[in-house]
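Taking it in order: structure first as structure tokens, then the write-up.
Laboratory data are not the source of any read-out in this text; all were calculated from the coordinates shown. These figures come from a predicted structure and were not determined experimentally. Positions of Cβ are backbone-derived with ideal geometry, glycine not excepted, and every protein chain shown enters the neighbour counts.
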Amino acid sequence: MNDTTSPTSATPTQTSWRDAWRVYLEPTSWRMLFLGFSAGLPLLLVLGTLSFRLREAGIDRSTIGFLSWVGLVYGFKWVWAPLVDRLSLPLITKLLGRRRSWLMFAQCLVIAGLIGMGWCDPQRNLEPVVWCALLVAFGSATQDIALDAFRIESADTQHQAALAATYQTGYRLAMIWAGAGVLWVAARASIAPIAPIAPIAPPDSIANVYQHLAWQTAYWVMAASMGVGLLTVLFSSEPAAIELPPARNPKEWLQSALVAPFADFIRRYQWQAVIILLLIAIYRISDVVMGIMANPFYVDMGYTKDEVAAVSKVFGVIMTLVGAFIGGVLSMRLGVMRILMLGAVLSAATNLLFAWLAGVGHDLTALIWVVSADNLASGIASAAFIAYLSGLTNVNYSATQYALFSSMMLLAPKWLAGFSGLYVDAYGYAAFFNSTALLGVPVLLLVWLAAHQSKA
């Protein structure tokens with residue numbers, strides 16, 4: 001299936017509109033919804049939500065920006081992806097199978113890390129929080145490796161866009177729960193109401209509103225929420241095992257596990273691989289770089305946890321669902337590359353709305369419109385991009401190749417995002433958001449080139 005079919009074709013599939021929508025009722029699609037929730041939950045808890053927590057605790061923006069480099073763990077998951085792709089875990093692999101055993105092991109790492117992040121107080125000692133965040137990121141990245149392989153091996157190429165849409169819907173719902181939900185829980189667990197912070201409030205006044213026990217409760221609720229993934233793994237069936245050629249010695253094993261997946265990709269796409277890899281490396285750069293400073297921006301604009309939670313929970317959920325399902329259906333009907341271009345345009349354009357919001361100041365109605373547009377654009381772009389990456393892989397190396405692609409997607413953006421706090425301190429939020437929108441311009445050229453060369 002995936003070893004012979006390229007997603008770079010711009011030719012629309014001949015699926016009827018009715019069949020395109022009915023695919024979402026299949027059990028595999030529902031399974032991807034719940035597993036997508038498990039995959040999406042940890043990301044904000046070590047990045048966006050953590051930045052809100054740290055800013056409220058009085059940590060300066062530059063430090064918060066550099067701490068976003070915890071997310072670089074996701075950019076290097078291709079290093080241990082061959083192990084996840086080929087090795088069995090003692091005891092549990094015999095019970096669950098290779099994909100499900102790695103999924104459960106990774107989910108347990110995430111749960112342990114989230115409990116630790118809740119236990120540690122960043123105001124007293126930031127270092128333990130960072131180490132626990134690294135554990136969460138490692139477990140989350142490992143879960144992504146196993147889950148991407150599980151998804152790719154669970155259906156044929158034609159169904160990957162639909163699975164990507166339901167996976168992305170679950171993923172985005174989890175991000176809203178880990179973003180708006182954790183803020184809502186922390187606000188409910190606070191001992192006394194917290195007054196809004198004025199945009200010009202000094203760091204000392206920011207630190208005065210921080211309540212560690214409230215955040216501890218919130219992070220422990222998030223750890224318990226990972227139970228969705230554990231239960232789904234237990235009640236799912238293992239995909240049909242791919243027969244792998246036996247390795248007669250360590251050298252042959254290393255060749256098949258480490259070298260062969262990358263050599264296969266180069267062999268299939270040859271010189272086109274350069275454009276494909278460049279596109280993968282920067283497709284989400286606008287969103288990722290902007291996202292690190294979004295929550296500090298809310299804090300500095302005077303939005304309370306309840307306000308941010310309410311807007312994200314109501315409007316974010318609706319627009320994420322709409323965006324993901326539209327992206328999945330349009331990708332099946334019109335072709336992945338066309339929707340990939342649409343997603344790139346929308347992702348860059350919505351960053352300009354944040355620049356506008358920075359000039360407006362504390363305005364809840366404006367926040368609603370901006371968050372709604374941002375979630376709609378992200379849902380469309382993500383559904384198309386996941387389908388694109390899935391179609392690039394050879395099923396014989398699904399975990400390793402997809403880990404390479406998704407790692408490249410984050411490596412450059414996460415590294416650049418580490419300097420976001422310094423940029424905001426020097427030039428302000430409006431200039432920062434405008435600059436992140438401009439980062440999306442080269443993406444449009446690369447999508448056009450990839451689509452054009454696929455027709456050649």
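Quick look at the numbers
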read-out	value
Region 318-327 - phi-based ³J(HN,Hα) in whole Hz, Karplus 6.51/-1.76/1.60, Gly and Pro as x	4, 6, 5, 4, 4, x, 5, 6, 4, x
³J(HN,Hα) computed for each position of region 436-441 - Karplus, 6.51 cos²θ - 1.76 cosθ + 1.60, integer Hz, glycine/proline x	5, 5, 5, 4, x, 5
Pairwise label distance in nanometres, Val441 with Phe76, each label 7 Å out on the Cα-Cβ vector	3.4
Net charge, Ala260 excluded, C-beta distance under 11 Å - Lys, Arg +1, Asp, Glu -1	-1
Ratio Rg/Rh, restricted to region 320-373 and using Cα atoms, in which Rh is the Kirkwood radius	1.11
All-pairs alpha carbon distance profile, region 359-423, 10 Å steps from 0, percent	17, 28, 33, 16, 6, 0
Burial ranking of peptide ranges 73-79, 365-371, 264-270, 290-296 (average Cβ count within 10 Å, highest at the top)	290-296, 73-79, 365-371, 264-270
Per-selection Rg to Rh, region 43-192 - Cα, Kirkwood hydrodynamic radius	1.02
Residues Trp69 and Val274, FRET efficiency given R0 of 35 Å [Cβ-Cβ distance, rounded to 0.05]	0.85
Rounded, prolate or oblate (a/c below 1.5 giving rounded, otherwise prolate when a/b exceeds b/c) for region 93-179 by Cα gyration tensor	oblate
Karplus (6.51, -1.76, 1.60) ³J(HN,Hα), θ = phi - 60°, over region 174-181, in Hz, Gly and Pro reported as x	5, 5, 5, 5, 7, x, 5, x
Relative packing of peptides 118-128, 323-333 - highest average C-beta neighbours within 10 Å first	323-333, 118-128
Nitroxide proxy distance, nm - points 7 Å out along Cα→Cβ at Asn434 and Arg267	5.1
Distance in nm between pseudo-label sites at Ala426 and Gln123 (7 Å out along the Cβ direction from Cα)	3.2
Around Phe432: net Lys/Arg minus Asp/Glu count, Cβ-Cβ under 13 Å	-1
Rg over Rh [alpha-carbon atoms, Kirkwood Rh] for region 299-456	1.01
Most to least packed among 303-312, 86-95 [average Cβ atoms within 10 Å]	303-312, 86-95
